[in-house]
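What follows is one structure encoded as structure tokens, with my remarks underneath.
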Amino acid sequence: MNIYAEFHARVAAILARIVASGRLPGDLDLARFVVEPPRDPVHGDLAVNAAMVYAKEAGVGFANPRQLATELAAALAEDEDVATAEVAGPGFLNLRLKPAVFAAVLRAALQEGPRFGAGSALPKRKINVEYVSANPTGPMHVGHGRGAVFGDVLANLLAYAGHAVTREYYINDAGAQVDALARSAYLRYREILGERVEIADGLYPGEYLRPIGAALAAQFGEALLRRPEDEWIEAARIIAVAAMMEGIRADLAALGIKHEVFFSERSLTAGGKDLIAATIAQLRAACLVYVGRLPAPKGQPSEDWEDREQTLFKSTQFGDDIDRPLTKSDGTYTYFAADIAYHKSKIERGFEVLIDIWGADHGGYVKRMQAAVAALSGGRALLDVKLCQLVKLMRGGEPVKMSKRSGDFVTLREVVDEVGADAVRFMMLFRKNDAVLEFDLARVIEQSKDNPVFYVQYAHARGKSVMRQAQTTFPGIDLSVAALAGADLSLLVDPGEIRLIKLVAQYPRVIEAAATAHEPHRIAFFLHDLASDLHSHWTRGKDQPQLRFVNEERRDLTVARLALVAAVTSVLAAGLAILGVHAPDEMR
């Protein structure tokens, strides 16, 4: 039950009647306005900006937004669920709802349980979420973990909202970095066989490559020592990439992350096919590829610029800054050309929305990929790229030193093993993805209100504790959903109780807004707010016994308050499930 969506529909119906009267244009998009909680709760329960949105388009129908807002208020005042409808400022509309509306929301939250707020997305779309996609050249680091959690929770959120979601990992198993991995593994192979080796600049020095060197030695013995690079590099590449991907899958599994599709970059040109060439041919047939020269960049040199004739994609036709090269000076494909072919495969698989989760250092790549997707799909597919900023790893406020195992960074697995998957998943979302995140290893395991993940989990455990206390105080009390939903909810009149009920009512709207904006951090923020209000009201009960959830003298009031606690606890559990974080029944 989403009261914000319901009242949006009711306001839209009133506007439709005004349109039918000829006082508003017939082509209005009646979905453009919003119904939301007012910034200051003293103004009511719902704020509506419809008059501000449409009055300018009314022509002679309305002199100003306040006039349209006054007519909307008069119509809504007749609604059986509206207590008051008031016009504020230049034309905003503030609604105060009758208590029965929020009682119905509380019952819906109890009866729908983990599905409260789920499946409301319209239209329902086929969505591909590609995330992590770390180069298989070493263990995953904490920065990879942020993108991994963000993408996984976004996929959970979109599926919860009702979309058909596929989780995908793009394996960058072609190109110079993978060749460097193969050469690094070969050095470790020689080392295993007794040679003294030096890791040259540009290669990977981490200890994690020793087992791969040992695997090469076990399979080939000394045979590879006598072969030239062009004969051993493929074997080293295959074994090294397979080992790296096995480790990456294990690291992701420790974080509770599983992908449904692993797409190999090498598959684009393997088995006698060349999907990159086919993609370029398609763009050329659409007159979107030409041979030309790029102007010299102003200011900082650009990696895309060479003073020569190049095969270029007309990305400027789709909003990019310059056209982009598809082949290098040696005739091989650019990374961009391969990425275009890969995204073409997503479009051909029927995805309407493509969401890519990238590191912040790829920001300059966004426009060209959006241009390519627009060109390949004829504008039918949408590419949304979410950039995840850096993670600064701290311990007690001090930067954490680097890992010996990886060579130059702390691995994701080391962090998960130290603080647990719940802490990593929650904290990676407790800041918006485009802001730098400080992750303090000491803070995230504290049992205090300063640790957000503990604070939210403790709220769920506290709710469960209240239920156990009620069973002790009132032996045999019926705590079934039916019994709690049948409670006299009109007994919930304290401001703290009302605040909790209204927060529960916001949850379906938060789900809808977060899914629409592709912003899963909103769920973490909401859960923290809900937990904070539950803890605050519980604390008030310590000083004012009449406010306690379990009232020994009032069984009826206790049952009503238990209904509230059960609804809050259910929403906390549902939200934590979207985040992939456990909702414990008790904290020890």
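The values are calculated or read from the model by the stated rules, or taken from the named source; none is laboratory data. Predicted, not measured: the structure shown is a model, and the values here were computed from it. Note that we place each Cβ from the backbone using ideal geometry, even for glycine, and neighbour counts take in every protein chain shown.
Before moving on, here are some points about what is shown:
- Here is the figure for the stretch 222-248: residues that are within 24 Å of residue 413 (Cα to Cα) and without any contact (Cβ under 8 Å) to a residue 12 or more places away in the chain total 3.
- Selection of the stretch 301-357 for residues being crowded, with 18+ Cβ neighbours inside 10 Å, among the aromatic types (Phe, Trp, Tyr) and farther than 16 Å from residue 268 by Cβ yields 313, 351.
- Considering residues of the stretch 526-557 that are in a helix (DSSP H, G or I) and over 38 Å from the mean Cα position of the chain (by Cα) only, the residue surrounded by the fewest Cβ atoms within 10 Å (Cβ to Cβ): 543
- Selection from the stretch 364-392 of residues that are basic (Lys, Arg) and more than 26 Å from residue 429 (Cβ to Cβ): 367, 368, 380
- Put simply, of 481, 444 the only residue that is over 24 Å from residue 255 (Cβ atoms) and either at pLDDT 95 or above or among the hydrophobic types (A, V, I, L, M, F, W, C) (or both) is 481.
- If the condition is being among the hydrophobic types (A, V, I, L, M, F, W, C) and in contact with a Gly (Cβ under 7 Å, 6 or more places away or on another chain), then the stretch 555-571 contributes 565, 568.
- Selection count where residues are touching a strand residue (DSSP E or B) at 6+ places or on another chain (Cβ under 8 Å) and either of a type in the set (Gly, Ala, Ser) or part of a strand (DSSP E or B) (or both), scope the stretch 350-365: 10
- Criterion violated by residue 68 - all others in (1) in contact with a helix residue (DSSP H, G or I) (Cβ under 7 Å, 6 or more places away or on another chain); (2) more than 27 Å from residue 488 (Cα to Cα); (3) of a type in the set (A, V, I, L, M); (4) outside any helix (DSSP H, G or I) satisfied: (4)
- Selection status of residue 199, over 17 Å from residue 171 (Cβ atoms), more than 28 Å from the chain's Cα centre (by Cα), aliphatic (A, V, I, L, M) and assigned to a loop (DSSP other than H, G, I, E, B): yes
- Residue within the stretch 137-150 that is modelled with pLDDT of 95 or more, over 19 Å from residue 514 (Cβ atoms) and basic (Lys, Arg) present: no
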